Amino acid sequence: MGEASRIAQVPAHTLRYWEAGSGLLRPARRASGHRRYTREDMETIFTLKELLLERRMTLAGARKALAQGRRKRPSGSEGAQDSERTLKLLRELRGEIRELLKLAG
């Protein structure tokens with residue numbers, strides 16, 4: 001959870017709140033009880049962050065928007081823009097991870 005909160009730049013308690021309130025985040029639990037977020041969970045976290053913090057939606061509104069988005073996949077130019085944003089985000093994350101690895105190593 002700590003790593004996920006650092007990557008998403010939101011506090012761990014916020015992730016726990018989104019997990020409980022949205023019902024869309026269901027990270028796997030290790031035997032020790034720690035949460036393990038998948039790539040899909042991280043994508044959901046970033047989408048929730050955008051909807052809640054940037055678009056100022058309520059948690060219920062964000063839940064509905066995410067549910068509609070999962071039923072209807074973007075096509076055409078919308079899909080291309082989403083792909084470009086996703087690639088940009090992944091490149092930024094890769095750079096940040098490399099920087100963290102340099103600091104740790």
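The values are calculated or read from the model by the stated rules, or taken from the named source; none is laboratory data. Keep in mind it's a predicted model, so treat the numbers as computed, not measured. Note that each Cβ is placed from the backbone with ideal geometry, even for glycine, and that neighbours are counted across all protein chains shown. Note: areas computed on protein heavy atoms with side chains; ligands, DNA, RNA excluded. Shrake-Rupley method; radii C 1.70, N 1.55, O 1.52, S 1.80 Å.
Output the relative contact order of the chain, whole-number percent, from Cα pairs under 8 angstrom with separation of 6+ residues.
This gives 19 percent for the chain.
First select every other residue whose beta carbon is under 13 angstrom from the beta carbon of A20; then total the charges, Lys and Arg +1, Asp and Glu -1.
+3
Excluding ligands, DNA and RNA, what is the solvent-accessible area per residue of segment 1-62 at a probe of 1.4 Å, expressed in Å²?
63
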